[in-house]
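Report on the structure given below.
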Amino acid sequence: MSEQPADTKPTGTANDAPKRGIDFSVSFCGLTFKNPIIAASGTFGYGVEFEDIVSLDRLGGFVVKGLSREPMAGNPPPRMFETSAGMLNSIGLQNIGARAFVEEKLPALRKKKNIMVIANVFGYTTKDYEDTVKILNEGEGIAAYELNVSCPNTRHGGMQFGADPTLLEEVVYCVKAVAKRPLIVKLSPNVTSIPRMAHAAAQSGADAISLVNTFVGMAIEAKTRKPRISNITAGLSGPAIKPIALRMVYEAAHSVDIPVIGMGGITTGEDVVEFMLAGAAAVQVGTANYFDPCATERIVSYLERWCIENRVKAVTDLTGGLDVST
């Protein structure tokens, strides 16, 4: 996990792409992104923290870390642990709150030209989600909302919104009614049927879905017999989950007519191609940002070179292009 992927196979140069007439833009939810590479929530801060490391205008966009109605301190440490091919985290959705984001972070982002900012939203009741989105509605410069439905609904015995179709339909329907921007629903993989949850989100008004969020896992320190994470369980992400995430994106894309944004272990440009072939309209890069803060920009360059070498004239041609013939 700590070793940076090389992504050195293609030999073209990124600057050649426009000269060769290749279209890297993708459009969905009434929005046009310059390319399909989006930095995932929880791994890219509020965007401004990366501006001296990554050329933000090179990315298709980024999703800010999850925002709640009120500020949250998150879980006590230890709350991160590196696994064999990934990472466990239980940050506890620490954030400054929606109001502070609108007043303190968004003005700086608005000064950046041609950047797509997506606000990730979470809550513990449907009203939490609604109130948070209403606050964000006041902020200029947000392109879309992404609902994190992997939170326990405190009014329904702790059942996650994203694990029950009825709860999912309720929160999506209610938030869609108050949202002034497109609504992306980020699905949990910890369910028995991704197609069923994708369909529930689509039927309730989601403009797109993104998947997958982290898998529930845990780690134990054998000598002390203690859990590695203070919260005992945590979310597993990184290359270890990619094959399962890829399968779920494929299933979701073949179950609904709305766009699908794929994520889960993407570390190279070729990973992007695979997710798009499975049906993704765009992708999000997450855990890779921890071991390579320049991962998103590197992957953009690789994808450009890959398309040149493979004579892809429009990156959208990749979406759903998996050949399953025998």
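Quick notes on this one:
- Residue within the range 140-153 that is among the acidic types (Asp, Glu) and farther than 30 Å from Lys111 by Cβ present: no
- All positions within the range 84-128 that are in a loop (DSSP other than H, G, I, E, B) and of a type in the set (Phe, Trp, Tyr): Phe122, Tyr124
- Selection of the range 43-83 for residues being in contact (Cβ under 8 Å) with a residue 60 or more places away in the chain, part of a loop (DSSP other than H, G, I, E, B) and within 17 Å of Leu136 (Cβ to Cβ) yields Tyr46, Gly47, Ser68, Arg69.
- Selection from the range 84-95 of residues that are surrounded by fewer than 17 Cβ atoms within 10 Å (Cβ to Cβ) and in contact with a helix residue (DSSP H, G or I) (Cβ under 9 Å, 6 or more places away or on another chain): Ser84, Ala85
- Selection within the range 171-182 - of a type outside the set (Phe, Trp, Tyr), outside any loop (DSSP other than H, G, I, E, B) and either out of contact with any helix residue (DSSP H, G or I) (no Cβ under 6 Å at 6 or more places or on another chain) or at pLDDT below 95 (or both): Lys176, Ala177
- Exclusive hit being under 18 Å from Gly42 (Cβ atoms), of a type outside the set (Lys, Arg), touching a Leu at 6+ places or on another chain (Cβ under 7 Å) and not in a loop (DSSP other than H, G, I, E, B), set Ile261, Ile209, Ile229: Ile209
- Restricting attention to the range 304-326, the residues that are in contact (Cβ under 8 Å) with a residue 40 or more places away in the chain and either out of contact with any Pro (no Cβ under 8 Å at 6 or more places or on another chain) or not in a helix (DSSP H, G or I) (or both) total 11.
- Only one entry of Lys65, Lys112 meets the criterion of being surrounded by fewer than 21 Cβ atoms within 10 Å (Cβ to Cβ) and under 25 Å from Ala281 (Cα atoms), and that entry is Lys112.
- From Gly141, Gly158, residue being small (Gly, Ala, Ser) and either within 20 Å of Pro189 (Cα to Cα) or in a helix (DSSP H, G or I) (or both): Gly158
The values are calculated or read from the model by the stated rules, or taken from the named source; none is laboratory data. Treat the numbers as computed from the prediction; the structure is a model and nothing was measured. In this analysis, Cβ positions are derived from the backbone assuming ideal geometry, glycine residues included, and neighbour counts consider all displayed protein chains.
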